[in-house]
Amino acid sequence: MTEKPLEGIVVLDFTQFVAGPVCTRAMAELGAEVIKVELAPSGDQSRILPLRRNGRSAYFVQQNLGKQSLCVDLRKPAGLELIKRLVPKVDVLVENFSPGAIARLGLGWDVLHELNPQLIMCSISAFGQDGPLAHLPGFDFVGQAYSGITAMIGEPGKAPPLTGAAIGDVGAGVTALAAINAALYGRLRHGGPGERIDVAILDFYFHSHALAVELYSASSGEVTLERSGSQHLTLAPAGIFAAREGHVVIIPVGEPMWQRLARAIGQPELIEDARFKDNQARAERRSEINRIVERWLAAQDSDAEAIRILQEHRVPCAPVLTVADAMRNPQLLHRLTVRDIDDPKVGRFQVPGSLFRFPERGDLTHPWAPGLGEHNGRILSRHLGLSQSEVQVLHDDGTLRFGD
C-alpha cells in the first residue's frame with residue numbers, strides 16, 4: 001500500500017498559527033501536496049514564536065510539517081498574478097484570515113470560482129463568515145467564551161480559568177479537514193462544481209456541549225448545569241481526586257462501574273448502602289462519598305499503586321500528568337503520539353505526531369518543515385512551467401522572497 005488517501009490532491013494553504021495549519025498539516029500527512037503561501041517579506045507570523053533557535057521557530061516547524069513554502073508579495077501585481085495562475089492547478093484552498101481579508105487581497109470566492117470552477121475553498125475563523133459577530137477579530141478563547149463552554153469551567157463563584165490548550169483551534173482544524181474530505185469525495189462521486197466551506201471555532205465549541213444544551217432546552221430552562229470545579233457535572237463519585245502524591249481522575253459511568261469502584265477501594269458494602277443507592281443519591285452526598293474515595297487514595301503506597309488497583313477492577317481512571325510526564329508516557333511513545341523531529345536549525349525536539357493511524361501505512365508524520373520560500377522554484381516550475389531564470393527575475397524584483 002503505497003499511495004496515501006490524498007495523493008494527487010494539491011492544496012493552496014493561506015493559513016497561520018493553529019486552526020488552519022492543523023488542517024493542512026493533516027492533509028500533507030494524508031498525501032496531499034500542500035503549497036503554503038507565505039506573504040512577503042516575513043512570511044507566516046508564527047515564524048517568530050518561541051522557542052527560536054538559530055533564527056528558526058520550533059512552533060512553526062511543529063505546525064507546518066510536510067508543507068512546501070511559496071513566499072510571494074501579493075501587493076505586487078506580478079505576485080497576485082502568480083497565485084491566480086496557480087489556482088486552476090489546485091484542488092483545495094484553505095485560509096484562516098479574518099472574514100473578508102482574502103477578498104481584499106484580490107482572491108475572494110467569486111474570483112477563485114471563476115478561475116477554477118472545481119475548486120473547494122475552506123475558510124476557518126472564530127465566528128464564521130457571516131452573522132453579527134463575523135467582522136470581529138477572535139481567537140480560540142474568544143470563541144469558547146461565546147459558546148458557553150468557558151462558563152462551565154472552574155470553581156463555582158470564581159472567575160473561570162483559561163484552558164491551557166488550543167482545543168477549539170485544533171477542533172476547528174479537524175472539522176475543516178472532515179468537511180474538505182467530504183467535499184472532495186462528493187466531487188469525485190457526483191461531479192459538479194467546487195464549493196465553499198465555512199468553519200467556525202464558535203460552532204465547534206458549541207457542538208462540544210454534552211448535556212448542557214439539551215437539558216436546558218428540553219426542560220424549558222428549568223434545568224441548568226453550573227460549574228462544578230474538579231467534579232463531574234452530573235455523575236458521582238466522578239472527577240479529579242486528591243491522592244497520596246498528586247491527583248487522580250476517576251470516571252465510573254453507570255451502576256456497574258460504581259460497583260467495581262466500591263470493590264476496588266475495599267468497601268463492597270457501599271453497594272448496598274441506601275445512602276448511595278443510585279447516582280442521584282450519591283450526588284446529593286457527593287462530599288461524603290468523595291471523602292471515602294480520597295481516604296482510600298491517600299492510604300495507598302503510591303498513586304501508581306492506586307491506579308493499578310483501579311485499573312485491575314476495570315474502573316476508568318488516570319493520573320493527572322504534566323506535559324513532561326505525558327511526553328514520557330509509554331502509551332504516547334508507543335503510538336508515536338509524541339514524535340521526535342530533527343530540524344537542521346532547531347535541532348532535535350519533540351512534537352505531537354500525526355492525528356491519524358493507518359496501521360498498514362506506518363507513521364504518517366513528516367519529519368521536516370519548510371524554510372521561508374524554500375520551494376519557490378520547485379512550485380513555479382512544476383505547476384506553471386517557469387524556468388530558473390524566470391524565477392530568479394521574480395526573486396530579484398522582490399515578487400518572491402527566499403530565506404528564513
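I need the full set of residues from the range 268-292 which are open to solvent by 80 Å² or more (accessible area, probe 1.4 Å) and not in a helix (DSSP H, G or I), in order please. Even if it seems obvious, please write down each step before you answer.
Taking the range 268-292 and keeping what is open to solvent by 80 Å² or more (accessible area, probe 1.4 Å), we get 269, 272, 275, 277, 280, 284-285, 291.
Result: Lys277, Arg285.
Can you tell me how many residues within the range 345-404 are part of a helix (DSSP H, G or I), open to solvent by 80 Å² or more (accessible area, probe 1.4 Å) and either in contact (Cβ under 8 Å) with a residue 12 or more places away in the chain or among the acidic types (Asp, Glu) (or both)? Working first, answer last.
We begin by selecting, within the range 345-404, every residue part of a helix (DSSP H, G or I); these are 376-384, 388-396.
Now narrow it down to the ones that are open to solvent by 80 Å² or more (accessible area, probe 1.4 Å): 378, 382, 388, 390, 392-393, 396.
Filter once more, keeping what is either in contact (Cβ under 8 Å) with a residue 12 or more places away in the chain or among the acidic types (Asp, Glu) (or both): 378, 390, 396.
So the count comes out to 3.
Anything in the range 299-343 that is within 22 Å of Gln231 (Cβ to Cβ), in a strand (DSSP E or B) and of a type outside the set (A, V, I, L, M, F, W, C)? List them, or say none. Working first, answer last.
Taking the range 299-343 and keeping what is within 22 Å of Gln231 (Cβ to Cβ), we get 299-300, 303, 306-307, 309-311, 313-322.
Add one more test, that the residue is in a strand (DSSP E or B), and what stays is 317-319.
Of everything in the range 299-343, just one residue is within 22 Å of Gln231 (Cβ to Cβ), in a strand (DSSP E or B) and of a type outside the set (A, V, I, L, M, F, W, C), namely Pro319.
Restricting the search to the range 317-344, which residues are polar (S, T, N, Q) and surrounded by fewer than 17 Cβ atoms within 10 Å (Cβ to Cβ)?
Within the range 317-344, Thr322, Asn329, Gln331 meet the criteria.
Hey, among Gly192, Gly164, which residue is out of contact with any Leu (no Cβ under 9 Å at 6 or more places or on another chain), at pLDDT below 95 and on the phi > 0 side of the Ramachandran plot? Steps first, please.
On the way: Gly164 fails: on the phi > 0 side of the Ramachandran plot.
So the residue among Gly192, Gly164 that is out of contact with any Leu (no Cβ under 9 Å at 6 or more places or on another chain), at pLDDT below 95 and on the phi > 0 side of the Ramachandran plot is Gly192.
The values are calculated or read from the model by the stated rules, or taken from the named source; none is laboratory data. Small disclaimer: the values here were computed from a predicted structure and weren't measured. Please note: Cβ atoms are built from the backbone with ideal geometry, for glycine as well, and neighbour counts cover all protein chains shown. When the accessible area is computed, the model is the full protein with side chains, heavy atoms only, and any ligands, DNA or RNA have been set aside. Shrake-Rupley method; radii C 1.70, N 1.55, O 1.52, S 1.80 Å.
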